[in-house]
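Please read the structure below before turning to the comments.
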Amino acid sequence: MALLEIRNLRTSFFTHLGEVKAVDGVSFQVGEGEAVALVGESGCGKSVTALSIMGLVPPPGKVIGGEIIFAGEDLTKLSGPKMRHLRGNVLSMISQDPMTSLNPVLNIETQLGEGLRLHKGMDAKAARERVLELLNLVGIPEAERRLRQYPHEFSGGMRQRLMIAMALACSPKMLIADEPTTALDVTIQAQIIELLKELKSRLSSSILLITHDMGIVAGLCQRVIVMYAGRVVETGSVEAVFDDPQHPYTWGLLRSLPRLDQRKERLVPIPGQPPDLLASPQGCPFAPRCRWAMRICVKQMPEMITTAKGTVACWLQELGPQAVKRAREEVA
Amino acid sequence: MLLVLWVIATVTFILMNIIPGGPFASEKPLPEAVKRNIEARYRLNDPLWKRYVDYMWNLIRWDLGPSFKYEGRTVNDIINSGFPVSAILGVTAVALALLLGIPAGVLAALKQNKWPDTLAMLAATVGVSVPSFIMATFLMYIFAYKLRWFPAALWGRPSQVVLPALALAGFPAAFFARLTRASMLEVLSEDFIRTAHAKGLSTTAVIVRHALKCALIPIFTYLGPLLAQIMTGSFVIEKIFAIPGLGQHYVTSIYNRDYTVILGVTVFYSILLVTLNFLVDLGYILLDPRIKLTEPSS
Ligand SMILES: Nc1ncnc2c1ncn2[C@@H]1O[C@H](COP(=O)(O)OP(=O)(O)O)[C@@H](O)[C@H]1O
Ligand SMILES: [Mg+2]
């Protein structure tokens, strides 16, 4: 059984304008020791999915349906103290912006040791040893001296290393990394990716990696989940999704995103705007932007179907694999 | 710092000498001989520059000279007897204000837009807008007259500190509550608070360890001037509760054109203010690691 299994998750924000369906029926799995990428345009609900798993959706947001089965337990039904016991312990998260995610008035030793003392019952000395070990692990030199320093004394890349060290402190079973490189300079991004790759090979944690960078996906992950407007539109192995993507949105996404490990001739943005999440469409949410949209696409939501290499929710599938292939080659 | 004090002392001295009239001016002209005697005693007919030099020299030795109005009392005497009283009252009031204001602000921020918030902010609005003398009268009526829990006035016993301190604490407590609420709300929306939650810390731990320290920094800034102001005494409160503090003397001295007292207390106040601000700056460095004392570049 998978370590994490999400079934039909729905998370909405109840704003004064109405209900924003940020996550609208998402299902996927992450296996033990597996690294899975969650990709999609900004605002499609990736972070909200991550926060839902962590049980940290900020108000006015709320998980309103579905199940999040983690190690056999449904997190949506877990009590506050039980959920806290998992957070930072077996389930941890690295957030997007390392500049604002560390407390500016507490030193590194305190911030990194905090989780260890709480979850592992370590005393100050043991926690300190472990923090030193972690700093070495994530490649922060002069760890001894840096323990007493504060976040502002670290560069952006170093702070992200600290965040990673903090998330790994209690050797979690699962690590959720929400765009861990987006806020960094390109050269620093490459270093952090290298670090993640190295850690991946050394540690046994499962990883859910949210990213815009297809380069990291290729280098780090086994499977890809593509989200659009609060829904999963396609899933599959990295090879399948990169070499033989099925959903027109995935085609557009692959052409629009940069890859650090490859030089692309040019990036082609997907024309049009992501839909308004306040009004849920009757049909496929991508239909208004889709070159191949058919009459049925705007009328009825396509079901998620299992293909040879993964799953996809698209009416084009009804036309058979040859038609899908021809349509895709039209773009390329 | 010394420069600031020198400027203040000089400006006060100049102002004092520009304003027409003197301590001995009264409706009825004094006999010429008496007037000359007095002027000689207080050296009022020395040239201005000489009086200034004398004054400065005495100031350095912390000799503030005799009072013009109270025969036989020096300004030092007045400060020595009045300041401790005002200081005890002031420090108690500030402590009360912190004790009431900060928890109220934290509570309001945590229960934003729910009834505890509404209640706390309503109380804060009252606290900010009701002048201390009305507060004092109210407190006196309820706790001294009706309930008879505390004495109504005078000074000397600890129980006599309570009511005036409460009256003085009203405004700063309300101010602290609003300031704490605002900065707490700001801090609670920061990413690092989410990080703290993501570690599995309890809400209490997140607030106490992660949010409060950041949220209290703005309050700290306000503490220096507030302490200096409140420690030098409040004329109104001291008058109402018949407390022999520095505030009473200060205001009375202005009525009486008691130059030396005005000058002395003003300079004393400035020293206090500058010192407290300096201490606040030092405290800042302890509280906020991002701030470092930088050498003033010339
Ligand atoms: N605090 C909030 N209040 C209202 N709506 C929100 C809030 N946070 C996120 N959303 C909505 O949820 C959608 C998904 O956001 P998010 O998961 O952050 O996107 P991303 O895929 O870029 O991480 C956004 O389009 C936004 O409309
Ligand atoms: Mg995001």
Amide H contacts under 5 Å for residue B:232, placed H, 5+ residues apart: none
Placed amide H near residue A:64: partners under 5 Å, 5+ positions off or other chain: A:10, A:11, A:12
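For an R0 of 41 angstrom, estimate the FRET efficiency from the Cβ-Cβ distance between residue A:303 and residue A:16 and round to the nearest 0.05.
Numbers: r = 34 Å, r/R0 = 0.83.
FRET efficiency, residue A:303 to residue A:16: 0.75.
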Nonlocal amide H pairs with residue A:207, under 5 Å, H built at 1.01 Å: A:34, A:35, A:36, A:175
HN-Hα J in Hz across segment A:23-33 - Karplus 6.51, -1.76, 1.60, θ = phi - 60°, x for Gly and Pro: 10, 10, x, 8, 9, 6, 10, 10, x, 4, x
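Could you tell me the calculated FRET efficiency between residue A:8 and residue B:286, based on Cβ-Cβ distance and R0 = 41 angstrom, to the nearest 0.05? Numbers along the way, then the final one.
Working: r = 52 Å, r/R0 = 1.26.
Step by step, r from the Cβ atoms, then E = 0.20.
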Along principal axes, Cα extents of chain B, largest first, whole Å: 84, 62, 30
Contour minus Cα-Cα distance for residue B:18 and residue B:113 (0.36 nm per residue): 28.8 nm
Accessible surface of segment A:137-295, 1.4 Å probe, proportion on carbon and sulfur as whole %: 50
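For segment B:246-287, take the convex hull of the Cα atoms, compute a quarter of its surface area, and give me that in nm², please. Spell out each step's value before the answer.
Details: hull surface 12.2 nm².
If I average the Cα hull's projected area over directions, I get 3.1 nm².
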Inter-site label distance for residue B:80 and residue B:239 at 7 Å from Cα along Cβ, in nm: 2.9
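Between residue A:276 and residue A:319, what's the calculated FRET efficiency when r is the beta-carbon distance and R0 is 30 Å? Round to 0.05. Write down the numbers at each step before the final one.
Numbers: r = 29 Å, r/R0 = 0.96.
Once rounded, the FRET efficiency stands at 0.55.
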Extension gain, residue B:221 back to residue B:49 (0.36 nm per residue minus Cα-Cα distance, nm): 58.0 nm
Above-threshold pairs, the threshold being 26 Å between Cα atoms, out of A:21/A:197; A:21/A:309; A:21/A:173; A:62/A:200; A:46/A:197: A:21/A:197; A:21/A:309; A:21/A:173; A:62/A:200
Shielding by other protein chains, A:95-105, mean Cβ within 10 Å: 5
Where labels lie 7 Å past Cα in the beta-carbon direction, separation of residue A:203 and residue B:61 in nm: 7.3
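Evaluate the relative contact order of chain B (contact order divided by residue number), counting alpha-carbon pairs under 8 angstrom at least 6 apart; express in whole percent. It would help to have the intermediate numbers written out before the result.
Values: 339 pairs, mean separation 77.5, N = 298.
Normalised by residue count, the contact order of chain B is 26 percent.
Tell me the mean residue ellipticity at 222 nm calculated for chain A from its helices only (DSSP H runs of n ≥ 4, each -39500 (n - 2.57), averaged over every residue, nearest 500). Intermediate values should be presented prior to the final figure.
Values: 12 runs with 114 residues, N = 332.
Per the formula, -10000 deg cm²/dmol.
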Spherically averaged projected area in nm², based on the convex hull that wraps the Cα atoms of the protein assembly as shown: 39.9
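Take the Cα atoms of chain A, build their convex hull, and give its volume per residue in Å³.
Details: hull volume 46.0 nm³, N = 332.
Here the figure is 138 Å³ per residue.
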Ellipticity estimate at 222 nm from DSSP helix runs (n ≥ 4, -39,500 (n - 2.57)) divided over chain B, nearest 500: -22000 deg cm²/dmol
Straight-distance crosslink candidates among aspartates and glutamates, where the alpha carbon sits under 16 Å from residue B:199 and sequence neighbours closer than 8 are dropped: A:109, A:114, A:178, B:190, B:191
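Just to be sure I follow the definition: excluding the sites themselves, where is the longest run in chain B that has none of the chymotrypsin sites (Phe, Trp or Tyr not before Pro) in a DSSP loop with at most 13 other Cβ atoms within 10 Å? Provide the component values of the computation, followed by the final result.
Values: sites that count: B:62, B:149.
Result, exposed sites excluded: B:150-298.
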Loop-exposed trypsin sites (Lys or Arg not before Pro) per DSSP, neighbour cap 15 Cβ within 10 angstrom, longest uninterrupted part of chain A: A:1-119
From phi via Karplus (6.51, -1.76, 1.60), per-residue ³J(HN,Hα) for segment B:50-64 in Hz, x at Gly/Pro: 5, 5, 5, 4, 4, 4, 5, 4, 5, 4, 4, 7, 6, 10, 8
Residue-wise HN-Hα coupling along segment B:191-202, computed from phi with Karplus coefficients 6.51, -1.76, 1.60 (Hz; x: Gly, Pro): 4, 5, 5, 5, 4, 4, 5, 5, 7, x, 5, 6
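The values are calculated or read from the model by the stated rules, or taken from the named source; none is laboratory data. Remember, it's a predicted structure, so these values are computed and weren't measured experimentally. A quick note on method: Cβ atoms are made from the backbone with ideal geometry, for glycine too, and the neighbour counts reach across all protein chains shown. We work out accessible area using only protein heavy atoms, side chains counted, and drop any ligands, DNA or RNA first. Shrake-Rupley method; radii C 1.70, N 1.55, O 1.52, S 1.80 Å.
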